[in-house]
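Taking it in order: structure first as structure tokens, then the write-up.
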Amino acid sequence: MPRINLKHHSSPDTISSESARLLSRETLRISASLASPPDDLPLLLPSPDSQFLHSTLKLICCEEIDGRRFKYVAESDTSGTFKKNSVRAISLESPQTPFDDLGSFLRSYVVPEGFPGSVNESYVPYMTWRALKHFFGGAMGVFTTQTLLNSVGASRNSSASAAVAINWILKDGAGRVGKMLFARQGKKFDYDLKQLRFAGDLLMELGAGVELATAIVPHLFLPLACAANVVKNVAAVTSTSTRTPIYKAFAKGENIGDVTAKGECVGNIADLMGTGFSIMISKRNPSLVTTFGLLSCGYLMSSFQEVRSVVLHTLNRARFTVAVESFLKTGRVPSLQEGNIQEEIFTFPWVKDRPVMLGARFKDAFQDPSTYLAVKPFFDKERYMVTYSPTKGKVYALLKHQANSDDILKAAFHAHVLLHFMNQSKDGTPKSVEQSAPMEYELESRIAESCEMVSTSYGIFKSRAAEQGWRMSESLLNPGRARLCHMNEEE
């Protein structure tokens, strides 16, 4: 430890304030240097348990997600052999304050993903004036509601009128809250618009059913009406957010406004005709449950055929899966009509149980550090890596920090190729997890085969997809935000 010379005042027991600061600073620096082990030494596991007394933690890799970095370490014994299921994540960032968490939470609701880089500079003033307009509109709505109630005979001083007005305003307010909460789905409206559109129509029918339930339990009118309005407003957000991309698929030139206007006109005409039909049959006092059931079936069947008839030129996750599977089985990429018809509509975007996870986190893909070390050499020249988890039955595609658009598309293609090989290695008989789990050498063999196939067929797949009119974009594949960093970036 270096010697520290201190200047004394007249009294030997008194240290000047400047010297005290120097002493504190030097002491902290020396303590930190003594407490930090050299980079080439493994980290000692700080656990008093006897089973960890002779074990160490070794750095495996580093990861970055949303600006926050993590390092993954694995436990090894004295012989250097890694223990199974010993991978641990250690954050390299200081914990976020509650105010930071609150700010991130609010931003996820009020600004698009990637803001401000994802929008142009006119977005902020437009949304500022739009918020101010809705503020005055919401305030004005209270007085218009009260006026409407007074116009139908309710006394202005009647307490019943005030209660009805409050209930009505609460019902509408709950609907607006539901609309705001569902807006957090964000980019899902772009890449899974068919699935969200159909899910919104399902929610619309659910809201209508809850409204009908108020006739059975009228004393629960307010909570049921609020719940129904929340559900129906969520459906309205879905319909509004997916309407423009669908109309854009129909327009061949700069006529999207005309296409949108005519499409809304057709919808309004059909809505008026349906209203007239309902008035006619209601005079015969039909069964409410039977009538609602029949009309709901017709509504949902029409909704399914509506979204199924839309032909989109882009490859999202569902259509990308259809295209790759067809290419691997037949050697051809389906046409636009074939790919859109075969797209799975009932797979809702919020369901995370999928066989291919693109942009996955390291802790989800690897539990055994030896598996990572065995797979890593296959992808040293790539900006991604893929692996298979036999216990979960999923393929994980991990993206590296330098991965660009084509790397993400190639990673997704490689993941489907590996899944195809892993499915071929299984027979039709059900097996337990222990029996069906491939040995490590078998996984390495399958990954080697997939690497060879991807190197020769990925370019062919892209050219044949382009010939069919498909437009590929990595953003529509919805990759995860986690990225693997270089080992020297952990500091």
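Considering segment 432-474, and only residues there that are part of a loop (DSSP other than H, G, I, E, B) and either of a type outside the set (A, V, I, L, M, F, W, C) or at pLDDT below 75 (or both), the residue that is most open to solvent (accessible area, probe 1.4 Å) turns out to be 439.
What about residue 288, is it of a type outside the set (Phe, Trp, Tyr) and at pLDDT 85 or above? So residue 288 fails the test.
Of the residues making up segment 317-333, just one is crowded, with 22+ Cβ neighbours inside 10 Å and among the polar types (S, T, N, Q), namely 321.
Using the structure shown, decide if residue 247 is among the aromatic types (Phe, Trp, Tyr) and touching a strand residue (DSSP E or B) at 6+ places or on another chain (Cβ under 9 Å). Taking the combined requirement at face value, the residue does not satisfy it. When the residues of segment 475-491 are narrowed to those that are of a type in the set (A, V, I, L, M) and surrounded by 14 or more Cβ atoms within 10 Å (Cβ to Cβ), which ends up modelled with the lowest pLDDT? Only one residue tops the list, namely 476. Those helices (runs of 4 or more DSSP H) of segment 249-332 in which 2 or more residues are closer than 30 Å to residue 406 by Cα and under 32 Å from the mean Cα position of the chain (by Cα) occupy 288-308, 317-330.
For (1) open to solvent by 80 Å² or more (accessible area, probe 1.4 Å); (2) modelled with pLDDT under 85; (3) among the hydroxyl-bearing types (Ser, Thr, Tyr); (4) out of contact with any Asp or Glu (no Cβ under 8 Å at 6 or more places or on another chain), each residue gets a yes or a no:
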{"position": "205", "(1), (2), (3), (4)": "no, no, no, yes"}
{"position": "236", "(1), (2), (3), (4)": "no, yes, no, yes"}
{"position": "243", "(1), (2), (3), (4)": "no, yes, no, yes"}
{"position": "284", "(1), (2), (3), (4)": "yes, yes, no, yes"}
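Being modelled with pLDDT of 90 or more and under 30 Å from residue 215 (Cα atoms) is a property that does not hold for residue 326.
Against the criterion of being modelled with pLDDT under 85, surrounded by fewer than 11 Cβ atoms within 10 Å (Cβ to Cβ) and either closer than 30 Å to residue 476 by Cα or of a type outside the set (Lys, Arg) (or both), residue 215 qualifies.
Scanning segment 366-395 for residues that are within 21 Å of the chain's Cα centre (by Cα) and open to solvent by 10 Å² or more (accessible area, probe 1.4 Å), we see that the one that is nearest to residue 87 (Cα to Cα) is 392. Scanning segment 212-228 for residues that are in a helix (DSSP H, G or I) and over 24 Å from residue 307 (Cβ atoms) gives 212, 213, 218, 219, 220, 221, 222, 223, 224, 225, 226, 227. Considering segment 213-244, the residues that are out of contact with any Gly (no Cβ under 7 Å at 6 or more places or on another chain) and among the β-branched types (Val, Ile, Thr) include one that is farthest from residue 177 (Cα to Cα), namely 216.
The values are calculated or read from the model by the stated rules, or taken from the named source; none is laboratory data. Please read all numbers here as calculations on a predicted model, not as lab measurements. Virtual Cβ from ideal backbone geometry, glycine too; neighbours counted across all protein chains shown. Accessible surface is based on the protein model in full, side chains and every heavy atom, while ligands, DNA and RNA are left aside. Shrake-Rupley method; radii C 1.70, N 1.55, O 1.52, S 1.80 Å.
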